[in-house]
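Working notes for the structure below.
The values are calculated or read from the model by the stated rules, or taken from the named source; none is laboratory data. No experiment lies behind these values; they were computed from the predicted model shown. All Cβ positions, even for glycine, are placed from backbone atoms using ideal geometry, and neighbour counts span all protein chains on display.
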Amino acid sequence: MYLAKLHVADFRNVARVDLEFGQGINLIVGANGAGKTALLEAIFLLARGRSFRSSQTKQLIRRGQSQLLVRGDVVGVGANHALARSKSSQGENRTRIDGEHVALQSRFAELLPLQTLLPGVGDLVLDGPGIRREFVDWGLFHVEQRYLETARRFRKALSQRGAWLKDNPSATLQDDPWSKTLVTSGSEISAWRLRFIADLDEHFQNTLEHLASGLGAELRYADAGFDGDELAAALQMQASFDRDRRYAATHVGPHRADMDIRVGGISAKTSVSRGQAKLLASALLLGCSSLLCGRDGVQPIMLLDDFGAELDEVHRNRFFAQLQRFGCQVIATTTEPPSQLLGGTMADNARVFHVEQGELKRTS
Ligand SMILES: Nc1ncnc2c1ncn2[C@@H]1O[C@H](COP(=O)(O)OP(=O)(O)O)[C@@H](O)[C@H]1O
Ligand SMILES: [Mg+2]
């Protein structure tokens, strides 16, 4: 699975660029402010419908223009697909797959599975649980077809229960119309996550051993009361009812869960250095790619922004060597010459694009 062609128009400082990526490592090289991250951001927008650095679409449209456009040709396992997305300053969104209008956002994420390694990659280890839940659920979405529908049902019931508790301060446990849905869908989500994290743990430990042997770590699902067993979850909901009513919020369930990363038996969040956090996060991304490539034939495409600044040379080389082993496409930005980021032989095989002020200079 790889992104073969990319067309970007009126996106940030990019007026119009056409790129033909290779299946292996692609490097976008240029000075600060050239538009390197903007190109990754355009790919991300195509897949996910949003930017990774701005919540306002208007900021993405090139100043003075009224609409941005991103198109990509994805070479898939059995079929190829043409994805296109445009956004106007008036708030109009157009989404097309193979020339047909497709409203379902998840179809884009499915056909263009992106993993990102952006500046601050260590946050995946050091930040609050939300970022790790999102990471786990992204992987789960690619291996479990039913995940999306169940997650939607759970979220809806969660917000309806919150509103109901607020409106009914003297509600009783017996009246609760939402807990059953929360228990069934929440237990299903927890059971999937539990299995996914156990699988991921194996791949994670393997890649971590290659990346930084000696930094032993393991993953565990901190389930927030829902371990996949419905009866146990129902009891947790019962026990939490008074507290839930007092705060008009649901305190147990997968929306409060975390993926615990443990080093030497202690939570990494509170014990590792920034440098170690970067290594652990890199191993998590690699481990997830390894899992998906091995089992489901979903080869994630790796977007690496300013990766040179994240890991030192030795670890960087090991990182790229593993990605090559999995056969993942890599699209990376760098301000340094390719041989400094990748080392000699790997740089010789990379496809290099030079960007200057939003324009493509030459390709080698
Ligand atoms: N909406 C916009 N219209 C025109 N230029 C923009 C817009 N948004 C950002 N820019 C400019 O685009 C350039 C691209 O930045 P960026 O992609 O971060 O560069 P790089 O990653 O190469 O350092 C910056 O110089 C920024 O000022
Ligand atoms: Mg940048």
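Assorted remarks:
- Any chance residue 285 is among the aliphatic types (A, V, I, L, M), under 16 Å from residue 206 (Cβ atoms), in the same structural domain as residue 75 (by TED's automatic domain parsing) and within 18 Å of the chain's Cα centre (by Cα): no
- Residue 195 under 26 Å from residue 301 (Cα atoms) and either surrounded by fewer than 17 Cβ atoms within 10 Å (Cβ to Cβ) or out of contact with any strand residue (DSSP E or B) (no Cβ under 6 Å at 6 or more places or on another chain) (or both): yes
- Residue in region 201-211 that is over 25 Å from residue 283 (Cβ atoms), in contact with a Lys or Arg (Cβ under 6 Å, 6 or more places away or on another chain) and of a type outside the set (Gly, Ala, Ser) present: no
- Leading residue by the ranking (surrounded by the fewest Cβ atoms within 10 Å (Cβ to Cβ)) among those in region 258-282 that are part of a strand (DSSP E or B) and under 18 Å from the mean Cα position of the chain (by Cα): 260
- Selection within region 26-45 - more than 9 Å from ligand 2 (Cβ to nearest atom), in a helix (DSSP H, G or I) and among the small types (Gly, Ala, Ser): 42
- Annotation note: Cβ proximity below 6 Å between a residue of region 36-54 that is over 16 Å from residue 73 (Cα atoms) and in the same structural domain as residue 70 (by TED's automatic domain parsing) and a residue that is within 8 Å of ligand 1 (Cβ to nearest atom) and polar (S, T, N, Q) (sequence gap 6+ or interchain) occurs for 36/333.
- Residue 270 vs. criteria free of Cβ contacts under 8 Å to residues at least 24 places away in the same chain and assigned by TED's automatic domain parsing to the domain that holds residue 193: yes
- Within region 324-346, the residues that satisfy the criterion of being in a helix (DSSP H, G or I) and without any contact (Cβ under 8 Å) to a residue 60 or more places away in the chain are 325, 326, 339, 340, 344, 345.
- Output for region 203-223, where each listed residue is of a type outside the set (A, V, I, L, M, F, W, C) and in contact (Cβ under 8 Å) with a residue 12 or more places away in the chain: 203, 205, 206, 207, 210, 216, 218, 220, 221, 223
- Considering only residues in region 289-332 that are at pLDDT 95 or above and closer than 18 Å to residue 122 by Cα, the one that is nearest to ligand 2 (Cβ to nearest atom) turns out to be 305.
- When 46, 83, 27 are checked against the criterion of being under 21 Å from residue 15 (Cα atoms), surrounded by 16 or more Cβ atoms within 10 Å (Cβ to Cβ) and within 15 Å of ligand 1 (Cβ to nearest atom), a single residue qualifies: 27.
- Residue within region 205-224 that is in contact with a helix residue (DSSP H, G or I) (Cβ under 9 Å, 6 or more places away or on another chain), surrounded by 21 or more Cβ atoms within 10 Å (Cβ to Cβ), hydroxyl-bearing (Ser, Thr, Tyr) and assigned to a helix (DSSP H, G or I) present: yes
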